[in-house]
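The values are calculated or read from the model by the stated rules, or taken from the named source; none is laboratory data. The model shown is predicted, which means the values in this text are computed figures rather than measured ones. Don't worry about glycine lacking a Cβ; one is built from the backbone with ideal geometry, like all the others, and counts go over all protein chains shown. Accessible surface areas use protein heavy atoms only, side chains included; no ligands, DNA or RNA. Shrake-Rupley method; radii C 1.70, N 1.55, O 1.52, S 1.80 Å.
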Amino acid sequence: MSMIQQERIVYSLSGTKTFWRTDTRALVGAVILGVVSMLLQQVSIRLDQVIWPPLIILGGIAWATFTGLITLIFRQPAGIIMGETQAFIAIATGLSPVALFFVPANLLSSLAYSVVAQKLSMQKWSHHFIAQLATNIVGNICVAFGLYSILKLPVQVVIISSAVTAGAGIIGATILTKLAVNALRRSGLI
Amino acid sequence: MALFESCRPRGTWIDQLDPRTKLAWMGLMTILALTVSDIKILVFLPLTVLASGLAAGLPFRSFKHPLLILIFTGVQIVILQVLFSTEGQVVAALGPVKVFSGAFSPAWEAFLRLSAMMLATMQFLRWTPPEDLTLWLVTTRVPYRYAMLVGLAMRFLPLMEQELGAIMESQRSRGLPMKNIRQKIKSLIPVALPFLYRSFRRANETALAMELRGFGYNSRRTFLRQLNITLAEIIAIVLMGTVATWNIWLKIESLWL
């Protein structure tokens, strides 16, 4: 039996209440999925920019879904590693004018998701909703600072833009995270 | 066109430099981009990054794609400012939208800041081999299990980009339309899901391969190469650090007053 299979059994036996997970699979998975998240966000944010630049609806949903998915499956520090990998590449590829603020946003939102995921069983839709609520609120507050300080947008516009992005992220990412986790479980990949 | 071009030796002086010097240069450019308010200096920053890249042997065509992205993002910033800025006098009216004179200065400033940061970060990734970054992190006492991850991310970025392209191509060949915006939005899930599955499988395989080669077996490991920093580079890093600290201090002072 391979180490990966052993880890999988230990993981499934120990339940999902752990906060830290530092096995090779979690660390490598975090990095690779950080890159995947970044690439899919490149596609979705560019689409957002074409549709209506002030709102990042598709990009926000993609970001929140990946933050939730990786944190839920690989725990910490994988969530943080994934977030920071994604933030660094976002700066290097000019993904967004406020990409620098993705660094604190991804760190804090991943931690927020972890805290909720540790307290709840994450088996119900409501659990996913609460976790995404925490993630999106924390993440969008950080990005709101970026919109205000770098783009110098009026406070009212910043609040409306962040609220709409967070709202879409909470609803979209709740549905997508739950469906993706279930699909990945069924396929035997996690 | 590739979003990200991985680092490869070009046989120029930049290959001889220590990654800490390159990191200090990127850090200096980012800090200056964030702290400087003088528009003349902000114009000078992206140009300096471009000039240093060309001097180090990076061909101009390697900046073509980032510059196109920057133009696209610049247009987005201008639209945002035109839509929402109410500073200054009305210079034009486009239906219900009034364009104020104060919209252009913040847009130009934000565009220059973003250009400097993006070009400096991209330049750093293009001229720093992933192994050098791992070695540098190990010298800062980061456990090698974590230090290896930076190199892994840089290695996997072009690979995963190719994989995403292959999935898009295969979905297109199965008849999934991706021509207009609506079709592209609708195709997001059919592209993202197989990409996610493949990535999980690849992560599992990579982790297994690494463990079978003894990754994480010992808490310490040795490396074939060692980093050697010269005295001139140390002086350069100290100078860059001083300039960066001085600018942060000036920014804090200006915020207080």
Chain A: DSSP helices with Cα axial extent of at least 18 Å and average Kyte-Doolittle hydropathy no lower than -1.0: A:24-51, A:57-74, A:78-92, A:102-119, A:125-149, A:155-187
Average other protein chain Cβ within 10 Å of Cβ, residues A:178-185: 2
Span-like helix ranges in chain B, DSSP H, alpha carbon extent 27 angstrom or more, Kyte mean at least 1.0: B:64-84, B:231-256
Amide H contacts under 5 Å for B:Val99, placed H, 5+ residues apart: B:Val91, B:Ala92, B:Ala93, B:Leu94
Within the range A:115-190, trypsin sites (Lys or Arg not before Pro) in DSSP loop having at most 16 other beta-carbon neighbours inside 10 Å: A:Lys124
Gaussian network model of chain B, Cα within-10 Å springs - most flexible of B:Pro177, B:Pro19, B:Pro194: B:Pro177
Overall form of the range B:14-249 per C-alpha gyration tensor (a/c, 1.5; a/b vs b/c): oblate
Cα-based equivalent ellipsoid of the protein assembly as shown: semi-axis lengths in Å, sorted from largest, via gyration tensor: 34, 30, 21
Amide H contacts of B:Thr12 (H built 1.01 Å from N, under 5 Å, at least 5 apart or other chain): none
Protection-proxy order for peptides A:171-177, A:92-98, B:197-203, each taking the mean of Cβ atoms within 10 Å per residue, highest first: A:92-98, A:171-177, B:197-203
Gain upon complete extension [B:Arg213, B:Leu34; 0.36 nm per residue less C-alpha separation]: 60.1 nm
Candidate residues A:Val164, B:Val238, B:Val36: accessible-area rank, largest first, probe 1.4 Å: B:Val238, A:Val164, B:Val36
Of A:Asn182, A:Leu133, A:Leu58, farthest towards positive along the dipole that unit charges on Lys, Arg, Asp, Glu beta carbons give the range A:34-190: A:Asn182
Accessible solvent surface per residue of the protein assembly as shown, calculated while the other protein chains remain in place, 1.4 angstrom probe, Å²: 47 Å²
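How large a share of the accessible area of chain A, in percent, is made up of carbon and sulfur atoms when the probe is 1.4 Å and the other protein chains stay in place?
Values: 5130 of 6860 Å².
That share works out to 75 percent.
Between B:Leu94 and B:Phe44, 0.36 nm times their residue separation minus their Cα-Cα distance comes to what? All intermediate terms of the calculation are to be shown ahead of the outcome.
Details: separation 50, 0.36 × 50 = 18.00 nm, distance 3.32 nm.
Length difference between fully extended and current span is 14.7 nm.
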Average beta carbon contacts from partner chains per residue of A:79-89, 10 Å cutoff: 3
Amide H contacts under 5 Å for B:Glu87, placed H, 5+ residues apart: B:Gly102
